[in-house]
1. Assuming 0.36 nm per residue, please report the length gained on full extension of the stretch residue 50 to residue 38 beyond their Cα-Cα distance.
2. Through the Karplus equation 6.51 cos²θ - 1.76 cosθ + 1.60, θ set to phi - 60°, convert the phi angles of region 63-71 into ³J(HN,Hα) values in whole Hz; use x for Gly and Pro.
3. With +1 on each Lys and Arg Cβ and -1 on each Asp and Glu Cβ, how big is the dipole of the chain about its Cα centre, in debye rounded to the nearest 20?
4. Counting each pair of different Cα atoms once, what's the Kirkwood radius of the chain in Å, rounded to one decimal?
5. Tell me which residues come under 5 Å, amide H to amide H, from residue 78 once H is placed; ignore anything under 5 positions away on its chain.
6. Give a residue-ordered list of calculated ³J(HN,Hα) values for region 142-151 (Karplus: 6.51 cos²θ - 1.76 cosθ + 1.60, θ = phi - 60°; whole Hz; x for Gly, Pro).
7. Per DSSP helix of 4 or more residues, -39500 (n - 2.57); summed, then divided by the residues of the chain. What does that give at 222 nm, rounded to the nearest 500?
8. Arrange the peptides 129-142, 2-15 so that the one whose residues have, on average, the most other Cβ atoms within 10 Å appears first.
Amino acid sequence: MPSVRDLRDRIRSLKNTQQITKAMKQVAAAKIRRAETARRRARPYADAIAEMLNDLMNAVGSVDHPFMKPGSAGAASGVILMSADKGLAGAFNSNVIREAEAYARGRSAVRYYAVGTKARNAVRRLGQTDAPAWTLGGGSKLDTAREVAARATSDFTSGKISDIVLVSQKLV
């Protein structure tokens, strides 16, 4: 049977753990609020750009640009697979990976561009060890986005891939 002193030490230890946990929750909540605010600010811009591009395509008869023409026949489909670097988010990563696998099942060949550690690991499990991959943890996310876009663009224009599909989550 524990002594009174042991019980007091245990209670003190649990209170300290509760304080640490509470502080971690507050930090996580602040990060989520910041991310949601950034998303809310970016969504109208992205929607307006998509609408403007759609209006432009409807207004112009034809556009002489490689992106507005069909890709190389017989080339692999390009899939930009975006996930998180870490887990512990329920089905956040597994759902997006499952969707990418379902898309690939209907295609003869797929070339993955993995963004995030979980996506990289999933692509390796699928047997594509040479697939380009980027992590989200280091450096600027804007620089990472530019690198992914440049790589997918060059592969499309050179004929390595016939189309580009983005598989990611959309916060509702």
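Laboratory data are not the source of any read-out in this text; all were calculated from the coordinates shown. Treat the numbers as computed from the prediction; the structure is a model and nothing was measured. FYI the Cβ positions are ideal-geometry reconstructions off the backbone, even for glycines, and counts take in every protein chain you see.
1. Working: separation 12, 0.36 × 12 = 4.32 nm, distance 1.84 nm.
My answer for the length gained is 2.5 nm.
2. Here the 3J(HN,Hα) series is 10, 8, 9, x, 6, 9, 10, x, x Hz.
3. Details: 29 positive and 15 negative charges, 260 e Å.
That gives the chain a dipole magnitude of about 1240 debye.
4. Values: mean 1/r = 0.0510 Å⁻¹.
In the chain this quantity evaluates to 19.6 Å.
5. Amide H neighbours of residue 78, under 5 Å, 5+ apart: 111, 162, 163, 164, 165.
6. 5, 5, 4, 4, 5, 5, 4, 4, 5, 5
7. Numbers: 4 runs with 97 residues, N = 172.
That comes out to -20000 deg cm²/dmol.
8. 129-142, 2-15
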